[in-house]
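Engineer: Here it is: the structure, laid out below.
The values are calculated or read from the model by the stated rules, or taken from the named source; none is laboratory data. On a predicted model such as this, the values are computed, not experimentally measured, just so you know. Heads up, the Cβs are rebuilt from the backbone with ideal geometry, glycines too, and the neighbour counts pull from every protein chain shown. Accessible surface areas use protein heavy atoms only, side chains included; no ligands, DNA or RNA. Shrake-Rupley method; radii C 1.70, N 1.55, O 1.52, S 1.80 Å.
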Amino acid sequence: MKVAVIGCGTIANTAHIPAYMENEKAEIKYFCDIIPERAEAAVEKYGCGIAITDYKVALADPEIEAISVCTPNKVHPLIAIDALRAGKNVLCEKPAARTYKEALEMQKVQHETGKVLNIGVCNRFHNGVRVLKKLIDDGVFGDIFHVYVSFRAFRSIPGLGGAFTTKDIAGGGALIDWGVHFLDIVMYACGDPKPLTVTGEAFCKLGKNIPEYVYPGQMWAGPPILDGTYDVDDSVTALIRTEGPTITVNGAWAQNVKKEEMFIDFMGDKGGCRIDYYTKDFTVYTTKDGELYEYTPEFEQNVQIATEIDEFLDCIKSGDKLANHIDTNIITAKMMQAIYDSAETHREIVLD
Ligand SMILES: NC(=O)c1ccc[n+]([C@@H]2O[C@H](COP(=O)([O-])OP(=O)(O)OC[C@H]3O[C@@H](n4cnc5c(N)ncnc54)[C@H](O)[C@@H]3O)[C@@H](O)[C@H]2O)c1
């Protein structure tokens, strides 16, 4: 299957391209980047494909069946919609778009064209998350009434001043960039419950004065751009009521507490667990025969984006609807929009 990778930056080089290279059913025909050197470097590094700067060249090629969109968030809708209309199947990086409205437009075009539109919420493809979901589905936790989400890092703003911290390009900060994954794990594990009400606050505090921002060691996604833009959330808090559990969210790219906390607690009336975001390890705390009982499920570690890409290619042939289809991802887009809307109005948002 001939594939085009649009955007040859970090996620393309660390995850998408290696996964396609490893997949014997796939062949990358185009590497596209508006920075020509990046597309050319990919051709040289991977020893295949054609370097292009305009993604429409790939869309016009009838041989291309699958497209990975690995660009900044702002152009996800444009490229994904153009690709769907050109008859291509799309795996678009997360978040689907900057806003719920844009994500809805993408979903509409997916429905019109019938082509695949999956969003890169790759944790759904991690074996650990899948094991957790199975335990929840099997009733091991009983009624899950509260899920507590924590994604909090110590002064770690990605590419301060650049695309990730510019609202017009990214749509938001810590919530839309990191929180999207955490909310997505909750939704997947709990069976995508319908969100009912959302209240939240989003804070743009620590990175506001870019030249004076103090950070430890190497800055993630490059050093600060001193005259760049910083108008997104570096921390967020929210309470979401759903038809399933109530979800409480605390997230921060940057906080003045030197503790990194990347976990999700699932609290059920029969059992509970804390899943580690990176390793996906978790211990189940429950009772058995009137005694406290805990156990740690074992699973084979896998590379989640590689699995996501393998299954993306397979679903194009099989017609299977994967768990990261736009139809499920749209719920997370709706929740994130409601958190931002609530933060802006300082009011609870009631969802329909
Ligand atoms: N799934 C994950 O865990 C994960 C991790 C990191 C990033 N991401 C997502 O991947 C996307 C890209 O992030 P990144 O860190 O790779 O960014 P990046 O800046 O390293 O790479 C983006 C590339 O896209 C190129 N580009 C921009 N507009 C383009 C266009 N119109 N056509 C072709 N190329 C274009 C840029 O020149 C750049 O090389 C973002 O949406 C981000 O949220 C996902």
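Engineer: Quick check, is Ala39 more than 20 Å from the chain's Cα centre (by Cα), open to solvent by less than 10 Å² (accessible area, probe 1.4 Å) and farther than 21 Å from Lys115 by Cβ? Spell out how you get there, then give the answer.
Structural biologist: Values: more than 20 Å from the chain's Cα centre (by Cα): yes; open to solvent by less than 10 Å² (accessible area, probe 1.4 Å): yes; farther than 21 Å from Lys115 by Cβ: yes.
It is true that Ala39 is more than 20 Å from the chain's Cα centre (by Cα), open to solvent by less than 10 Å² (accessible area, probe 1.4 Å) and farther than 21 Å from Lys115 by Cβ.
Engineer: What are the residues in region 257-293 that are charged (D, E, K, R) and surrounded by 12 or more Cβ atoms within 10 Å (Cβ to Cβ), if any? Spell out how you get there, then give the answer.
Structural biologist: Just the residues of region 257-293 that are charged (D, E, K, R), to begin with: 258-261, 265, 269-270, 274, 276, 280-281, 288-289, 291.
Selection gives Glu260, Glu261, Asp265, Lys270, Arg274, Asp276, Lys280, Asp281.
Engineer: Just to be sure before I move on: is Lys133 touching a residue at least 24 places away in the same chain (Cβ under 8 Å), near the ligand (Cβ under 10 Å from one of its atoms), open to solvent by 10 Å² or more (accessible area, probe 1.4 Å) and charged (D, E, K, R) in the structure I sent? Let's see the steps before the verdict.
Structural biologist: Details: touching a residue at least 24 places away in the same chain (Cβ under 8 Å): yes; near the ligand (Cβ under 10 Å from one of its atoms): no; open to solvent by 10 Å² or more (accessible area, probe 1.4 Å): yes; charged (D, E, K, R): yes.
In short, no.
Engineer: Out of Leu160, Leu175, Leu78, which single residue is buried (at least 20 other Cβ atoms within 10 Å of the Cβ) and over 29 Å from Thr246 (Cα atoms)?
Structural biologist: Details: Leu175 fails: over 29 Å from Thr246 (Cα atoms); Leu78 fails: buried (at least 20 other Cβ atoms within 10 Å of the Cβ).
The match here is Leu160.
Engineer: Let me ask you something else. Hey, Cys190 hits all of (1) within 16 Å of the ligand (Cβ to nearest atom); (2) in contact with a helix residue (DSSP H, G or I) (Cβ under 7 Å, 6 or more places away or on another chain) but one; which does it fall short on?
Structural biologist: Single failed check for Cys190: (1).
Engineer: Taking the options Val232, Val284, name whichever one is within 19 Å of the chain's Cα centre (by Cα) and in contact (Cβ under 8 Å) with a residue 24 or more places away in the chain.
Structural biologist: Val232
Engineer: Could you give every pair whose Cβ atoms fall below 8 Å, whose first residue belongs to region 42-65 and is more than 22 Å from Leu78 (Cα to Cα) and part of a helix (DSSP H, G or I), and whose second residue is within 15 Å of the ligand (Cβ to nearest atom) and open to solvent by 70 Å² or more (accessible area, probe 1.4 Å), counting only separations of at least 6 or pairs across chains?
Structural biologist: If the second residue must be within 15 Å of the ligand (Cβ to nearest atom) and open to solvent by 70 Å² or more (accessible area, probe 1.4 Å), the pairs left are Val43/Ile50.
Engineer: While we're here: Residues in region 109-120: is at least one on the phi < 0 side of the Ramachandran plot, of a type in the set (A, V, I, L, M), part of a strand (DSSP E or B) and surrounded by fewer than 24 Cβ atoms within 10 Å (Cβ to Cβ)?
Structural biologist: Restricting attention to region 109-120, the residues satisfying the condition of being on the phi < 0 side of the Ramachandran plot are 109-113, 115-120.
With the extra rule that they be of a type in the set (A, V, I, L, M), the set shrinks to 109, 116-117, 119.
Subsequent filtering for residues that are part of a strand (DSSP E or B) retains 117, 119.
Restricting the remaining residues to those that are surrounded by fewer than 24 Cβ atoms within 10 Å (Cβ to Cβ) gives none.
No, region 109-120 has no match at all.
Engineer: Kindly provide the set of residues from region 165-181 that are part of a helix (DSSP H, G or I) and either modelled with pLDDT under 95 or away from the ligand (no atom under 11 Å from the Cβ) (or both), ordered by number.
Structural biologist: Thr165, Lys167, Asp168, Ala174, Leu175, Gly179
Engineer: Within the set of pairs 6+ apart or on separate chains, which have a first residue in region 177-191 that is within 14 Å of Phe282 (Cβ to Cβ), a second that is of a type outside the set (A, V, I, L, M, F, W, C), and C-beta atoms under 6 Å apart?
Structural biologist: Note: pairs meeting the criteria are Ile185/Asn123; Ala189/Lys133.
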